[in-house]
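To start, the structure under review is shown below, and the notes come after it.
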């Protein structure tokens with residue numbers, strides 16, 4: 001899945017129906033491109049895997065991330081290392097929230 005994939009604009013968290021952030025990380029056991037992908041909901045701190053380019057968005061497919069992992073992901077989000085379907089959203093994923101970047 002690419003950051004500009006139109007599918008990202010319509011995908012939503014199955015639990016709170018809010019926007020998701022695309023996570024792309026290097027992984028030695030991942031596919032041919034060596035990348036592992038997931039969709040992340042910072043509001044609920046849940047990560048959903050993307051397997052063979054297919055987002056796994058059943059509520060039971062999501063995993064809760066630790067406080068440390070959540071903070072690491074937020075730091076990467078603020079540095080622009082993740083793609084979000086709402087680029088003007090704050091770190092909670094709410095578009096136009098105070099502190100959101102234009």
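The values are calculated or read from the model by the stated rules, or taken from the named source; none is laboratory data. Only a predicted model underlies this, so the values are computations on that prediction, with no experimental measurement involved. Virtual Cβ from ideal backbone geometry, glycine too; neighbours counted across all protein chains shown.
Go over the candidates 91, 86, 81 one by one and state the one that is part of a loop (DSSP other than H, G, I, E, B), surrounded by 12 or more Cβ atoms within 10 Å (Cβ to Cβ), touching a strand residue (DSSP E or B) at 6+ places or on another chain (Cβ under 7 Å) and at pLDDT below 90. 86 is the lone residue from the list that is part of a loop (DSSP other than H, G, I, E, B), surrounded by 12 or more Cβ atoms within 10 Å (Cβ to Cβ), touching a strand residue (DSSP E or B) at 6+ places or on another chain (Cβ under 7 Å) and at pLDDT below 90.
Can you work out which of the residues in the stretch 16-33 that are part of a loop (DSSP other than H, G, I, E, B) and touching a strand residue (DSSP E or B) at 6+ places or on another chain (Cβ under 6 Å) is modelled with the lowest pLDDT?
30
The single condition from (1) in contact with a helix residue (DSSP H, G or I) (Cβ under 7 Å, 6 or more places away or on another chain); (2) under 20 Å from residue 2 (Cβ atoms); (3) surrounded by 18 or more Cβ atoms within 10 Å (Cβ to Cβ); (4) at pLDDT 85 or above that residue 38 fails is (1).
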